[in-house]
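Since the structure comes first, as structure tokens, the remarks are kept for the end.
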Number of protein chains: 2
Amino acid sequence: MTQRRAVEPSGQLSRATAERLSHYLRCAIHHPAGSPLSSSRLASEVGVSDAQVRRDLAALGHLGQRGVGYDPAALAAAIRHTLGTDRGWRAVLVGVGNLARALLRYRGFREQGFEIVGLFDIAAEKIDHDVEGLRVYPVRELIERVGQLKAELGVISVPSEAAQSVADALVRAGVKGLLSFAPTVVRVPANVQVVNVDLAIQFEQLAFLVKHG
Amino acid sequence: MTQRRAVEPSGQLSRATAERLSHYLRCAIHHPAGSPLSSSRLASEVGVSDAQVRRDLAALGHLGQRGVGYDPAALAAAIRHTLGTDRGWRAVLVGVGNLARALLRYRGFREQGFEIVGLFDIAAEKIDHDVEGLRVYPVRELIERVGQLKAELGVISVPSEAAQSVADALVRAGVKGLLSFAPTVVRVPANVQVVNVDLAIQFEQLAFLVKHG
């Protein structure tokens, strides 16, 4: 789904580990409060080995008791702290089409601390209109408004051919990370992080499962 | 992004391998035609070791020449064959909202062989209207129409609370795989495959990169 990097961003936790943590977090969130969550349950839910789970979670500190399992709430809190989602993140979105409207209504984002606080587009008929309670501003105002809005992240939901120029504008405006839904790879400076969401990969994984399942 | 399973569906290739193949495929597609693609290039693009790349691709047959690299077109063809995307897949979509409209326009799907051929909703005001050139049918007609449409897959783009009942209806209608965009886990029988697309995981990965990057 995403642009990977060989170098581990934290110097300790790799992207692959971070992805497993996201999946463990889902298990912890859906697990009954107070009932211990075993590493074997996590392993089978996420599709990795028990040893892998214990290795991954050992890096988060002393969480589980041998033979007892993890407290789901404590586990979720520890994972969110490691991922950096134990605090809110403010994002601006560029490209106010159907995907943008869907993302603005997507509860999963806000539940995990991700808030879209500003909308931008180049289409005159969209500018100065409200979408899901947010005013749409012209892209040329990104630089001034990203600071005013205290946004650290940018969401790109424009067509492929516009994605790189929008990414460049967001980088100039000072965002530290980009979530791009354009079905193309966007390039950014090394001090900016980017996750390219490629929905076709999800379909490929499904085709693989149906073919071999 | 997806519901993983500990058991390897093909008995040989794991889900993790299939996900890496999807990323190698992206590199092969974006690589200049005719110019060899090295395993080290693939490794750095996808963020795994050279050895991992060579192991993964060795399983696809004799593709590369030692010291020369892989032909991007041959590599892409071999990966598509393994993933099962070397042929078209027909899908019906349930829940005709903004996300559905975005998915219907999402070029990345059709480029990888994934075609949405039927739309379903429960809202009277949507039924019998055309969206992106497709007629919207009532959900109660799923069973008869999935067969007529020769659809093997189902896309779920309804709110969380409706996702499981829609999944049940699609399973009764005979689809073999579900791509669910509802931010909840849907349960299906063992003979049906499901990929739960959880967009918040992408945001978590971005937060992690920005925090540690």
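The values are calculated or read from the model by the stated rules, or taken from the named source; none is laboratory data. In this text, all values refer to a predicted model and were calculated from it rather than measured experimentally. With ideal geometry, Cβ positions are generated from the backbone for all residues, glycine too; neighbour counts draw on all protein chains shown. Each accessible area value is taken on the protein alone, full model and side chains, heavy atoms only, with ligands, DNA and RNA left out. Shrake-Rupley method; radii C 1.70, N 1.55, O 1.52, S 1.80 Å.
Of the conditions (1) in contact with an Asp or Glu (Cβ under 8 Å, 6 or more places away or on another chain); (2) within 14 Å of chain A (Cβ to nearest Cβ), B:Val139 clears all except one; give me its number.
(2)
Within region A:35-50, identify whether any single residue is within 8 Å of chain B (Cβ to nearest Cβ), on the phi > 0 side of the Ramachandran plot and at pLDDT 90 or above, and answer yes or no.
There is no residue in region A:35-50 that is within 8 Å of chain B (Cβ to nearest Cβ), on the phi > 0 side of the Ramachandran plot and at pLDDT 90 or above.
Within region B:120-164, which residues are without any contact (Cβ under 8 Å) to a residue 24 or more places away in the chain, among the aliphatic types (A, V, I, L, M) and touching a Phe, Trp or Tyr at 6+ places or on another chain (Cβ under 8 Å)?
Within region B:120-164, just B:Ile127 meets the criteria.
Where the second residue is charged (D, E, K, R) and the first is within 7 Å of A:Gly154 (Cα to Cα) and lies in region A:168-179, which pairs have Cβ atoms under 9 Å and are six or more apart or on separate chains?
These pairs meet every condition: A:Val175/A:Glu152; A:Gly177/A:Glu152.
Hey, can you tell me all the residues within region A:200-213 that are open to solvent by 10 Å² or more (accessible area, probe 1.4 Å) and among the hydrophobic types (A, V, I, L, M, F, W, C)? Outline the logic, then answer.
Within region A:200-213, the first condition is being open to solvent by 10 Å² or more (accessible area, probe 1.4 Å), and the residues that meet it are A:210-213.
Of everything in region A:200-213, just one residue is open to solvent by 10 Å² or more (accessible area, probe 1.4 Å) and among the hydrophobic types (A, V, I, L, M, F, W, C), namely A:Val210.
Within region B:186-205, restricting attention to residues that are outside any loop (DSSP other than H, G, I, E, B) and more than 7 Å from chain A (Cβ to nearest Cβ), which residue is modelled with the lowest pLDDT? Lay out the reasoning, then the answer.
First, pick out the residues of region B:186-205 that are outside any loop (DSSP other than H, G, I, E, B): B:193-196, B:199-205.
Now drop any that are not more than 7 Å from chain A (Cβ to nearest Cβ), which leaves B:194, B:196.
Values: B:Val194: 93, B:Asn196: 87.
Among residues in region B:186-205 that are outside any loop (DSSP other than H, G, I, E, B) and more than 7 Å from chain A (Cβ to nearest Cβ), the one modelled with the lowest pLDDT is B:Asn196.
For region A:23-84, which fully contained helices (runs of 4 or more DSSP H) count at least 3 residues that are farther than 21 Å from B:Leu209 by Cβ and open to solvent by 40 Å² or more (accessible area, probe 1.4 Å)?
Numbers: elements: A:39-46, A:50-58, A:72-83.
Per the criteria, A:39-46, A:50-58.
So A:Pro183 passes all but one of these: (1) open to solvent by 20 Å² or more (accessible area, probe 1.4 Å); (2) more than 7 Å from chain B (Cβ to nearest Cβ). Which condition number does it fail?
It fails just one condition, (2).
Can you tell me which residues in region A:142-178 are outside any loop (DSSP other than H, G, I, E, B), open to solvent by less than 40 Å² (accessible area, probe 1.4 Å) and away from chain B (no Cβ under 14 Å)? Spell out how you get there, then give the answer.
Here is the first cut: in region A:142-178, the ones outside any loop (DSSP other than H, G, I, E, B) are A:142-148, A:153-156, A:160-172, A:177-178.
Of the ones still in play, those that are also open to solvent by less than 40 Å² (accessible area, probe 1.4 Å) are A:142, A:146, A:153-156, A:160, A:162-163, A:166-167, A:169-171, A:177-178.
Those that are outside any loop (DSSP other than H, G, I, E, B), open to solvent by less than 40 Å² (accessible area, probe 1.4 Å) and away from chain B (no Cβ under 14 Å): A:Leu142, A:Val146, A:Val166, A:Ala169.
With the requirement that a residue be more than 14 Å from chain B (Cβ to nearest Cβ) and in contact with a Ser or Thr (Cβ under 7 Å, 6 or more places away or on another chain), what does region A:65-93 give you?
Passing the criteria: only A:Gly69.
Which of (1) open to solvent by 40 Å² or more (accessible area, probe 1.4 Å); (2) outside any helix (DSSP H, G or I); (3) within 9 Å of another protein chain (Cβ to nearest Cβ) does A:Asp128 not meet, given it meets every other one?
Status for A:Asp128: all satisfied but (3).
Would you check if there is a residue in region A:96-119 being touching a residue at least 40 places away in the same chain (Cβ under 8 Å), at positive phi and either more than 10 Å from chain B (Cβ to nearest Cβ) or not in a loop (DSSP other than H, G, I, E, B) (or both)? Full working, then the answer.
First, pick out the residues of region A:96-119 that are touching a residue at least 40 places away in the same chain (Cβ under 8 Å): A:96-97, A:99-100, A:103.
Now narrow it down to the ones that are at positive phi: none.
Within region A:96-119, none of the residues are touching a residue at least 40 places away in the same chain (Cβ under 8 Å), at positive phi and either more than 10 Å from chain B (Cβ to nearest Cβ) or not in a loop (DSSP other than H, G, I, E, B) (or both).
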